[in-house]
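*Asks:* Next up is a structure, given as structure tokens.
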Amino acid sequence: MSKDGLLFDAGQHASEDLAFKDFGSNYPSSPAGDGRSLPTGNVGSGLYDPDEAMQRQIGGSGLFSLDFYSKYFDIDTMTVLERSWRTMYPREDYVDHVLNGQPDLYGPFWLPTTLIFVLFLSSSLSSSINAYLAGEAYSYDFTRLTVAVTIVYIYALAIPILLWAVFRYWAGITSRGPVEMLSLYGYGLAPWIFVALLSIPPLPAVRLLFTLIAFAVSGGFILRNIYPVLNSAPSKMARGLIIAVVVLHAGLTIALWIAFLAGGGQPAKTITPTPGTPSDTPADDAR
């Protein structure tokens, strides 16, 4: 076959058709220096980022940001113990000298939670001792745990926020923020933990004495740190709020005494006489 009849002349076009050409790639070179190229541009923009998704759900700033609350939990155990112990002898302003401009939410959450479990365990143990001394069987009443959660969390979490709102928007007091109020009421429950543990022995007089001591110590701590603030309020009528503070604290004391600290064991068992069984009444004895 002649040269003109060839369908493809490799010799003629090999140099220009089979040569590698640069098509102007926009890919940068590989960091390894092996000549490979990596894609550029917004390639990974469609990938799922869990951290970014969580921030979009919670919120990026302000009260809906995790970073806003993280600073209130950045505290060590020794500082929490020291702040708890300093509530026993409130000689100075707690917010200015003890918290020192760094209030936390770690202690105000864990102290009420600890008190809840201590109240349940100590009252259950005390009741079991009373039942044993009376020769009766005892079964744990887990409804006490629900009662403890209701009483303690309302006093430690709901009441300080309510008082802060009243102080701020009615009395015009701006020197106490919500975190400071939560710290005062949360750490102010520390004496009740010791009283709950000391109320295990079935000694009613000793229990009552310890309860009154806790009422005085915890209440004195709250009054020491709230009354000066109310006294400096623009409205003189704000001083009357101290009565509400005392009444609420007295209500906590009464509730804890009735539900946990008074003891008493199981309720009295009611014996229902069977039909035909004579009852022990004076009328039956007369007959």
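*Asks:* So which of ILE161, ILE173, ILE129 is more than 14 Å from the chain's Cα centre (by Cα) and within 23 Å of VAL98 (Cβ to Cβ)?
*Replies:* Unique residue meeting the criteria: ILE173.
*Asks:* While we're looking at this one, here's another question. Does LEU119 qualify as being out of contact with any Ser or Thr (no Cβ under 6 Å at 6 or more places or on another chain), without any contact (Cβ under 8 Å) to a residue 24 or more places away in the chain and either open to solvent by less than 20 Å² (accessible area, probe 1.4 Å) or in a helix (DSSP H, G or I) (or both)?
*Replies:* No.
*Asks:* Working only within the range 224-237, note down all residues that are surrounded by 16 or more Cβ atoms within 10 Å (Cβ to Cβ) and at pLDDT 80 or above.
*Replies:* Selection gives ARG224, ASN225, ILE226, VAL229, LEU230.
*Asks:* Counting only residues that are aromatic (Phe, Trp, Tyr) and either buried (at least 17 other Cβ atoms within 10 Å of the Cβ) or within 15 Å of VAL179 (Cβ to Cβ) (or both), which one in the range 84-109 is nearest to the chain's Cα centre (by Cα)?
*Replies:* Step by step, filter the range 84-109, then rank; the result is PHE109.
*Asks:* Can you tell me which of (1) closer than 16 Å to ALA262 by Cβ; (2) out of contact with any helix residue (DSSP H, G or I) (no Cβ under 8 Å at 6 or more places or on another chain); (3) modelled with pLDDT of 90 or more is the one THR150 doesn't meet?
*Replies:* (1)
*Asks:* Grab the helices (runs of 4 or more DSSP H) fully contained in the range 132-221, keeping just those with 2 or more residues being at positive phi and among the β-branched types (Val, Ile, Thr).
*Replies:* Those helices (runs of 4 or more DSSP H) do not exist here; none qualify.
*Asks:* Ok, one more. Quick check: anything in the range 92-111 among the hydrophobic types (A, V, I, L, M, F, W, C) and not in a helix (DSSP H, G or I)?
*Replies:* Yes: one or more hits.
*Asks:* Being out of contact with any Gly (no Cβ under 7 Å at 6 or more places or on another chain) and open to solvent by less than 10 Å² (accessible area, probe 1.4 Å) narrows it down to one of ALA205, ALA171, so name that one.
*Replies:* ALA171
*Asks:* Looking only at the range 246-272, filter to residues that are small (Gly, Ala, Ser) and open to solvent by less than 60 Å² (accessible area, probe 1.4 Å); which one of those is modelled with the lowest pLDDT?
*Replies:* Looking at residues that are small (Gly, Ala, Ser) and open to solvent by less than 60 Å² (accessible area, probe 1.4 Å), I get GLY265.
*Asks:* Give just the number: which of (1) without any contact (Cβ under 8 Å) to a residue 12 or more places away in the chain; (2) open to solvent by less than 60 Å² (accessible area, probe 1.4 Å) does ILE154 not satisfy?
*Replies:* (2)
*Asks:* Looking at the range 60-78, can you tell me whether even one residue there is open to solvent by less than 60 Å² (accessible area, probe 1.4 Å), within 28 Å of LEU182 (Cα to Cα), within 19 Å of the chain's Cα centre (by Cα) and modelled with pLDDT of 85 or more?
*Replies:* yes
The values are calculated or read from the model by the stated rules, or taken from the named source; none is laboratory data. Model, not experiment: these values are computed from the prediction. Ideal geometry is used to build each Cβ from the backbone, glycine not excepted, and the neighbour counts take in all protein chains shown. Only protein heavy atoms, including side chains, enter the accessible area calculation; ligands, DNA and RNA are left aside. Shrake-Rupley method; radii C 1.70, N 1.55, O 1.52, S 1.80 Å.
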